[in-house]
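Engineer: I have a structure here, written as structure tokens, and I will follow up with some questions on it.
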Amino acid sequence: MTIEERVQRLPLNLRGRLLRPGDDGFDTARHVWNGMIDRSPDMIVRAADASDVVETVNLAREENVALAVRAGGHSAAGNSVSAGGVTLDLSRMKRVHVDPTKRTARAEPGLTLAEFDAETQRFGLATTGGVVSTTGIAGLTLGGGVGWLARTYGLSCDNLISVDIVTADGRLRTASADENQDLFWAVRGGGGNFGVVTWFEYELHPINPTVLAGLLVWPRSMAHDVLRAYRDFTESAPENASAYAGLATSPDGVPIVVVIGFHHGSVEQGEALFAPLRRLGPPVADTLSALPYTAAQQMLDGLNPPGNRVYWKSSILRGIDDEVLDTIVEQAEAMPSPLTAALIEFYGGAINRVGVQDTAYPLRNATYALNAISAWTAPESDAENISWTRRIWETVERLSPGSVYVNFLGVGDEGDDRVKAAYGPNHARLASIKAAYDPTNLFHLNHNIKPTH
Ligand SMILES: Cc1cc2nc3c(=O)[nH]c(=O)nc-3n(C[C@H](O)[C@H](O)[C@H](O)COP(=O)(O)OP(=O)(O)OC[C@H]3O[C@@H](n4cnc5c(N)ncnc54)[C@H](O)[C@@H]3O)c2cc1C
């Protein structure tokens, strides 16, 4: 049978749908969050369940066609759609079952964080996600998963109990602390390199349905004072509090400095923690208030719409001393787009109580990261925005231990060295587990770990 004949027969073996160029819905399905990515696969398989995943993995391996795996579509690097080949689209696999007694959830990979949170919060429970609720649970968890609850409960991947995963040989396996332990170690940070996860099982935690969250915004002229006060906040913050700080532009075009805060527990205690920041001078905007956890999870969604052209670069920071802060403020002066932000993220707490080599995610000593998140709309502005992002990153990289969170690697030019930097001391073990489960590197459209035989 030729590959074309096999593809023609594929719909008979699928519970989901095969989309080919020209089909209704194909064009929408090939687009991802980052508007810079404009690729057209030869086919998109919209999987309905694990058997569709097995079918597609077998087809890609046996016919030697490129295979991309898409869940929430938020890969900033655009890894989840292939040029030619097959894109395995998991976004319709959205079942989720919460066990409130055991405080666990089983969730399919097509869920966004908003969908997952909505279900777990019906039982007053939650687990760590990211800070933009349109992101997929799948890519986020497989790369690590940092969000507002991470300082209290660890990364999303630290809350994994097990995964069901289709490996390159087309076998559906379970990986957990008791079964396929090496695979379980690798998927907790190693990204999509080891197979296609069809179910995630998470540990959940009781979360007060009302949390304190929101944005405090000042004019950019106060950046030095605000960032120093932000540093003081992070140096004494309890683990149930977190905050990111950003240099950005307001919707009416004014350069601003912003602190995005989150606290769960007593609202009064949260208010007291953020009071020194408010005392810096009246913010021009202040949305920090008591609100449902699910709303806090969505508070940054509007600032991160799909379709913008986006170029990210990121570095773990060795700390945020005056030199680091002054450098970021100076570089932000030249930000070319009003949609762009330079964001300092704050980690630590429970994330750093896990050993560097206990899971594939190695950044257990990191406390801060700088994300240069450039966003714009006109293709003719690509060069200017990309070159600003590279410039701020190169300046800040000198103040970094050289490491980076894999889920924050950006489009195109990151290369093997950056993937190695992302995995640090865990790269060699990941490469050997890759050789055991994916010796021909079928899963290579990702931040790729090459098999070491
Ligand atoms: C606006 C925005 C905000 C973000 N905020 C955060 C944040 O707060 N915290 C954080 O940690 N990260 C954050 N990220 C990064 C995010 O975690 C990664 O981009 C992640 O890969 C997105 O997952 P996805 O399923 O949406 O993406 P997709 O693009 O669908 O997938 C990304 C990659 O993951 C792999 N993959 C996806 N599903 C599977 C699967 N089921 N099995 C195997 N491999 C799979 C594939 O290799 C794919 O290329 C953010 C990204 C964006 C765009």
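The values are calculated or read from the model by the stated rules, or taken from the named source; none is laboratory data. Keep in mind that what you see is a predicted model, and the values were worked out from it rather than measured. Glycine also receives a Cβ, built like all others from the backbone with ideal geometry; neighbour counts cover every protein chain displayed. Remember, those area values only see protein heavy atoms, side chains included, never the ligands or the DNA or RNA. Shrake-Rupley method; radii C 1.70, N 1.55, O 1.52, S 1.80 Å.
Engineer: Under the condition of being open to solvent by 10 Å² or more (accessible area, probe 1.4 Å) and more than 16 Å from the ligand (Cβ to nearest atom), which residue from segment 185-215 is farthest from His264 (Cα to Cα)?
Structural biologist: Glu203
Engineer: Filter segment 71-82 down to the residues that are more than 6 Å from the ligand (Cβ to nearest atom) and either at pLDDT below 95 or among the polar types (S, T, N, Q) (or both) and list them by number.
Structural biologist: Ala77, Gly78, Ser82
Engineer: For segment 1-49, what are the residues that are under 21 Å from Leu111 (Cβ atoms) and surrounded by fewer than 19 Cβ atoms within 10 Å (Cβ to Cβ)?
Structural biologist: Once the filter is applied, which keeps residues that are under 21 Å from Leu111 (Cβ atoms) and surrounded by fewer than 19 Cβ atoms within 10 Å (Cβ to Cβ), segment 1-49 yields Leu14, Arg15, Arg17, Gly25, Thr28, His31, Ala48, Asp49.
Engineer: Can you name the residue in segment 112-127 that is open to solvent by less than 20 Å² (accessible area, probe 1.4 Å) and not polar (S, T, N, Q) and, of all such residues, is nearest to the ligand (Cβ to nearest atom)?
Structural biologist: Top of the filtered list is Leu113.
Engineer: Still on this structure: Counting only residues that are modelled with pLDDT under 95 and in a helix (DSSP H, G or I), how many does segment 221-277 have?
Structural biologist: Residues flagged as modelled with pLDDT under 95 and in a helix (DSSP H, G or I) within segment 221-277 amount to 0.
Engineer: Which of (1) closer than 30 Å to Leu325 by Cβ; (2) open to solvent by 20 Å² or more (accessible area, probe 1.4 Å) does Trp218 not meet, given it meets every other one?
Structural biologist: It fails just one condition, (2).
Engineer: Working only within segment 128-164, note down all residues that are crowded, with 24+ Cβ neighbours inside 10 Å, more than 7 Å from the ligand (Cβ to nearest atom) and in a strand (DSSP E or B).
Structural biologist: Leu160, Val163
Engineer: Residue check: is Pro109 open to solvent by less than 10 Å² (accessible area, probe 1.4 Å) and either more than 10 Å from the ligand (Cβ to nearest atom) or of a type outside the set (A, V, I, L, M, F, W, C) (or both)?
Structural biologist: So Pro109 fits the description; yes.
Engineer: Would segment 305-319 turn up any residue that is under 28 Å from Pro401 (Cα atoms), touching a residue at least 12 places away in the same chain (Cβ under 8 Å) and open to solvent by 30 Å² or more (accessible area, probe 1.4 Å)?
Structural biologist: Within segment 305-319, one or more residues are under 28 Å from Pro401 (Cα atoms), touching a residue at least 12 places away in the same chain (Cβ under 8 Å) and open to solvent by 30 Å² or more (accessible area, probe 1.4 Å).
Engineer: Quick test for you: out of Thr294, Thr359, pick the one residue that is open to solvent by 20 Å² or more (accessible area, probe 1.4 Å) and either without any contact (Cβ under 8 Å) to a residue 12 or more places away in the chain or not charged (D, E, K, R) (or both).
Structural biologist: None of the other options fit; the residue is Thr294.
Engineer: Suppose we filter Ile392, Ile386, Ile449 for residues that are over 27 Å from Val65 (Cα atoms), over 16 Å from the mean Cα position of the chain (by Cα) and open to solvent by less than 10 Å² (accessible area, probe 1.4 Å); which single one remains?
Structural biologist: Only one candidate passes the filter, namely Ile392.
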